[in-house]
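Undergrad: One structure, pasted below without further comment.
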Amino acid sequence: MKQQHWTAEEIPDQSARVFVVTGANSGLGLATTRALARRGGHVVLAVRDAAKGRRAVADLTAELPAASLEARTVDLADLASVHAFADGLRADHQRVDVLVNNAGVMAPPRTLSPQGHEVQFACNHLGHFALTGLLLDLLGAGTDPRVVTVSSINHHKGHLRFDDLTGERGYAPMAFYNQSKFANAVFGQELHRRLTAAASPVRSVLAHPGYTATNLQTRSAVRLWRVLLGGIGNPLLAQRPERGALPQLYAATAPEAMGGQFIGPAGPAELRGAPTTVTPSAASLDPETGRRLWERSEELTDVRYGLPATTG
């Protein structure tokens with residue numbers, strides 16, 4: 001499937017649909033929120049910084065006076081915060097139609113979450129694993145419900161260090177970012193297998209933005225990667241967030257997007273371009289790896305989905 005000319009203008013009417021977008025106050029999350037709100041969706045901006053969330057809502061409302069938006073705080077690296085966010089959302093919403101697992105951190109110095117997990121694995125994977133499980137019943141009540149997990153082309157370089165997920169015995173900032181993005185890809189595929197086995201109406205679709213200029217490369221990264229990516233790579237190679245968000249917007253809204261698909265840019269090396277189906281790494285498709293990650297994630301988050309395990 002190629003969608004060489006697909007743009008945000010082709011998003012169907014999203015009126016009366018409820019979206020939750022993590023990391024929605026900047027970069028890809030903000031571009032995704034803007035496009036969904038423009039098409040009539042009600043978007044919950046799941047943000048770590050309450051003031052930045054309010055500012056994003058104010059700016060978007062000034063741009064789109066009819067936009068239906070609300071900002072709620074969640075620190076995806078803190079499982080207690082994820083539970084509180086899910087409880088608050090459940091109190092005010094009877095359904096969620098689409099969850100976009102977009103937020104992330106990249107290549108910081110080794111840091112541990114409040115629960116003692118390496119912060120990239122905690123934020124990029126465990127927080128989204130927990131959030132998806134806690135909202136699964138609300139998604140099941142949605143219309144054409146979907147979970148969109150945003151991975152990275154870097155997942156091809158990643159693998160899971162099951163014997164040292166915290167980096168205690170050896171830590172490299174970008175290697176552990178790659179691990180977290182590989183975990184996203186493995187999770188999205190395993191979620192698809194389990195939802196299919198349960199005959200759930202929820203679709204699990206994956207996406208990656210190619211090389212997109214956001215503050216991900218400059219906000220938390222150690223100095224080396226801030227220079228290489230933010231200072232050199234972004235100005236020379238990166239596309240704007242509005243373009244980079246197209247794969248996840250396609251995954252979230254296109255009627256033809258299917259569970260288990262991985263959507264990325266159609267251009268050379270998947271760095272930029274319109275959305276198309278791309279090929280995930282063979283390792284991320286391995287059911288045994290999916291089972292191991294799922295079981296470890298349940299242990300580390302204490303969140304259990306109640307979906308049947310599969311072997312293929």
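Undergrad: Do we have PHE182 as of a type outside the set (Ser, Thr, Tyr) and either buried (at least 18 other Cβ atoms within 10 Å of the Cβ) or assigned to a helix (DSSP H, G or I) (or both) here?
TA: Answer is yes for this residue.
Undergrad: Give the stretch 19-43 a look and list any residue that's surrounded by 24 or more Cβ atoms within 10 Å (Cβ to Cβ) and in a strand (DSSP E or B), or say none.
TA: PHE19, VAL20, VAL21, THR22, VAL43
Undergrad: Additional query: Scan the stretch 186-227 for residues that are at pLDDT below 95 and of a type outside the set (A, V, I, L, M) and jot them down.
TA: Correct list: GLY210, TYR211, THR212, THR214, ASN215, GLN217, THR218, ARG219, SER220, ARG223, TRP225, ARG226.
Undergrad: Shifting gears a bit: Taking the residues in the stretch 270-309 that are in contact (Cβ under 8 Å) with a residue 24 or more places away in the chain and of a type in the set (Val, Ile, Thr) as candidates, determine which candidate is nearest to PRO247 (Cα to Cα).
TA: THR276
Undergrad: Further, regarding this structure: Of the residues that sit in the stretch 188-215 and are small (Gly, Ala, Ser) and closer than 11 Å to VAL148 by Cβ, which one is surrounded by the fewest Cβ atoms within 10 Å (Cβ to Cβ)?
TA: Looking at the filtered set, the residue picked out is SER204.
Undergrad: Quick test of your reading of the structure: ASP163 fulfils all but one of (1) closer than 21 Å to ARG292 by Cβ; (2) touching a residue at least 24 places away in the same chain (Cβ under 8 Å). Name the failing condition by number.
TA: (2)
Undergrad: Of the residues that sit in the stretch 157-179 and are polar (S, T, N, Q) and outside any loop (DSSP other than H, G, I, E, B), which one is surrounded by the fewest Cβ atoms within 10 Å (Cβ to Cβ)?
TA: ASN178
Undergrad: Please determine, by comparing only the residues of the stretch 258-289 that are buried (at least 24 other Cβ atoms within 10 Å of the Cβ) and more than 15 Å from the chain's Cα centre (by Cα), which one is farthest from TYR211 (Cα to Cα).
TA: SER284
Undergrad: If you check THR7 against the conditions, is it surrounded by fewer than 24 Cβ atoms within 10 Å (Cβ to Cβ), closer than 17 Å to GLU242 by Cα and among the β-branched types (Val, Ile, Thr)?
TA: Taking the combined requirement at face value, the residue satisfies it.
Undergrad: Would you tally the residues in the stretch 267-294 being touching a helix residue (DSSP H, G or I) at 6+ places or on another chain (Cβ under 6 Å) and in a loop (DSSP other than H, G, I, E, B)?
TA: Counting residues in the stretch 267-294 that are touching a helix residue (DSSP H, G or I) at 6+ places or on another chain (Cβ under 6 Å) and in a loop (DSSP other than H, G, I, E, B) gives 3.
Undergrad: When only residues in the stretch 59-93 that are in contact with a strand residue (DSSP E or B) (Cβ under 7 Å, 6 or more places away or on another chain) and either without any contact (Cβ under 8 Å) to a residue 12 or more places away in the chain or of a type in the set (Phe, Trp, Tyr) (or both) count, which is surrounded by the fewest Cβ atoms within 10 Å (Cβ to Cβ)?
TA: THR61
Undergrad: Further question: Filter the stretch 237-266 down to the residues that are among the small types (Gly, Ala, Ser) and either more than 19 Å from LEU195 (Cβ to Cβ) or assigned to a loop (DSSP other than H, G, I, E, B) (or both) and list them by number.
TA: ALA238, GLY244, ALA245, ALA254, ALA257, GLY259, GLY260, GLY264, ALA266 - these are the residues of the stretch 237-266 that are among the small types (Gly, Ala, Ser) and either more than 19 Å from LEU195 (Cβ to Cβ) or assigned to a loop (DSSP other than H, G, I, E, B) (or both).
Undergrad: If you go through the stretch 120-156, how many residues are surrounded by fewer than 21 Cβ atoms within 10 Å (Cβ to Cβ) and of a type in the set (A, V, I, L, M)?
TA: 4
Undergrad: Please enumerate the residues belonging to the stretch 1-20 that are modelled with pLDDT under 95 and farther than 15 Å from GLY273 by Cβ.
TA: The answer is ALA16, and nothing else.
Undergrad: Follow-up question, since we're still on this one. Name the single residue, out of those in the stretch 233-242 being closer than 17 Å to ALA24 by Cα and out of contact with any Gly (no Cβ under 8 Å at 6 or more places or on another chain), that is modelled with the highest pLDDT.
TA: GLU242
The values are calculated or read from the model by the stated rules, or taken from the named source; none is laboratory data. Everything numeric in this text was worked out from a predicted model, so none of it was measured. No Cβ is skipped: glycine too gets one built from the backbone with ideal geometry, and neighbour counts run over all protein chains shown.
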